[in-house]
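The values are calculated or read from the model by the stated rules, or taken from the named source; none is laboratory data. Given the structure is predicted, the values throughout are model-derived calculations rather than measurements. Neighbour counts run over all protein chains shown; Cβ positions are idealised from the backbone, glycine included. Surface areas here come from the heavy atoms of the whole protein model, side chains and all, with no ligands, DNA or RNA. Shrake-Rupley method; radii C 1.70, N 1.55, O 1.52, S 1.80 Å.
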Amino acid sequence: MLGLSRVVVEDVEIEDGSDDGDGAGDALVVTVRARKGAARRCGRCGRRAPWYDHGGGVRRWRHLDFGTVRVEVQAAAPRVNCREHGPTVVQAPCARHASRFTTAFEDTAAWLAARTAASTVSELLRVSWRAVTAIAARIVAEGRAGTDPLDGLRRIGIDEVAYRKGQRYLTVVVDHDTGRLVWARAGRDKATVTAFFDALGPQRAARLTHVSADAAAWIDSVVTDRAPQTIRCLDPFHLIAWATDALDLVRRQVWNTARGGRGGRTGTSTMLKGARWALWRNPDTLTERQQQTLATIQATNKPLYRAYLLKEQLREIVAVKGETGKLLLNAWLRWAARSRLEPFVKLAAAIRRHLDQIHNMLDCGLSNARIEANNTHLRLLTRQGYGYHSATALITMAMLRRGGLCPPLPGRS
């Protein structure tokens, strides 16, 4: 009934907790032993080892509650003499090494921690939040030791995401084929990307075929040096973001002109100040009021409406892709260069500098959509935890949630 496997239950008793003073209440204490004939194994490596001594005697592990009653499992914990690790506590049949909790309890805590705040998990399971984060770290370390997430990588995306105020960033790497987060580290520079390729190794780096990223030189230079055979693709999300920023620059220039000087305020300037979302949003998602605002801009402000059309056509070109997309992009570049809109003239020059990577993106259709979804989950984790003082703690939770290392709930596949 408690889901304990590979053990024999020797005794069950109710331990009165009224005198403890910690409010934990009574506990169901289950005494178990390993099955007869079970091999003694090292708790660290799992190899068979000869008996050494009785160790520290009987130990207890916290187990999942039985209804509303706390459950603790106790068993003898002798030591074996491992050839590699020396005298070590024997491998427990229902708990991980150096843990105060059973495997079922830890798997449940990790599954919950991947989906809600650690404080919520600690209250539900009646443990401290530090215990919850330690459990998550132990399970992630175990998952990384069992399987290398960097094996089999072919197409990857590299990006950075802010995790704290004060320009604190994580560099993250996502596998495009599985959508999983495979690597993360604090920092946003060449040294951080170089650390990823050091962990990947030259042989696995040589098997990479595609890398998507933004136009950051600190990413491109390292990829060019460590994986020159890859097809490098500029992320279309960042390309459209450039066009949106150029559009907003035009809007602000027109707005400043319409104000008629410092502190001035006219009906046109008020309309332009509130037109930001009408210009930014996709045409098929505009509200009726935003459609009216856009129609007013079309009739009264040709330069701003031209900037809007430039942004929208670039978005459509990215959606078309292929050779047709390349032809349309060349026409767009000529239009932007002669548009007499300084932000778009500069944008056209920037696009020409990265034209090869944009053409690769149009050919293979690779984007950082998966990595942007991953970044959204990382921001959600940060909000759930009310921020993280340590990048290591956030990376642990991210690998648990997005790295495929979260264990299933006990009793389920």
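Looking only at region 288-308, filter to residues that are modelled with pLDDT of 90 or more and open to solvent by less than 30 Å² (accessible area, probe 1.4 Å); which one of those is nearest to Ala246 (Cα to Cα)?
Ranking the qualifying residues of region 288-308, first place goes to Ala307.
Within region 388-406, work out how many residues are outside any helix (DSSP H, G or I) and open to solvent by 20 Å² or more (accessible area, probe 1.4 Å).
Residues in region 388-406 being outside any helix (DSSP H, G or I) and open to solvent by 20 Å² or more (accessible area, probe 1.4 Å): 6 in total.
Restricting the search to region 228-241, which residues are of a type in the set (A, V, I, L, M, F, W, C) and either modelled with pLDDT under 90 or buried (at least 21 other Cβ atoms within 10 Å of the Cβ) (or both)? Before you say what the answer is, go through the steps one by one.
Kept after step one, since they are of a type in the set (A, V, I, L, M, F, W, C), are these residues of region 228-241: 231, 233-234, 237, 239-241.
The answer is Cys233, Leu234, Phe237, Leu239.
Between Ala92, Ala104, Ala76, Ala98, which is of a type outside the set (D, E, K, R), open to solvent by 70 Å² or more (accessible area, probe 1.4 Å) and within 23 Å of Gly143 (Cα to Cα)?
Just a single option satisfies the conditions, and that option is Ala98.
Answer yes if at least one residue in region 348-365 is open to solvent by less than 30 Å² (accessible area, probe 1.4 Å), over 30 Å from Arg168 (Cβ atoms), touching a Ser or Thr at 6+ places or on another chain (Cβ under 9 Å) and not in a helix (DSSP H, G or I), and no otherwise.
No; the residues of region 348-365 include none that is open to solvent by less than 30 Å² (accessible area, probe 1.4 Å), over 30 Å from Arg168 (Cβ atoms), touching a Ser or Thr at 6+ places or on another chain (Cβ under 9 Å) and not in a helix (DSSP H, G or I).
Give just the number: which of (1) within 18 Å of Ala369 (Cβ to Cβ); (2) surrounded by fewer than 17 Cβ atoms within 10 Å (Cβ to Cβ); (3) touching a helix residue (DSSP H, G or I) at 6+ places or on another chain (Cβ under 7 Å) does Asp177 not satisfy?
For Asp177, the exception is condition (3).
How many residues are open to solvent by 40 Å² or more (accessible area, probe 1.4 Å) and either in contact with a helix residue (DSSP H, G or I) (Cβ under 7 Å, 6 or more places away or on another chain) or among the hydrophobic types (A, V, I, L, M, F, W, C) (or both) if we restrict to region 374-387?
The total comes to 2.
Would you please list the contacts, defined by Cβ atoms under 8 Å and residues six or more apart or on different chains, that run from a residue in region 71-100 that is under 13 Å from Gly57 (Cα atoms) to a residue that is among the acidic types (Asp, Glu)?
Once the first residue is under 13 Å from Gly57 (Cα atoms) and sits in region 71-100, its partners that are among the acidic types (Asp, Glu) give Pro78/Asp53; Arg79/Asp53.
Of the residues Ala319, Ala331, which is open to solvent by 60 Å² or more (accessible area, probe 1.4 Å) and free of Cβ contacts under 8 Å to residues at least 12 places away in the same chain?
Just one listed residue meets the conditions, Ala319.
Which residue, of Arg48, Arg59, Arg83, is open to solvent by 80 Å² or more (accessible area, probe 1.4 Å) and closer than 29 Å to Met397 by Cβ?
Selected residue: Arg59, the only one of Arg48, Arg59, Arg83 that is open to solvent by 80 Å² or more (accessible area, probe 1.4 Å) and closer than 29 Å to Met397 by Cβ.
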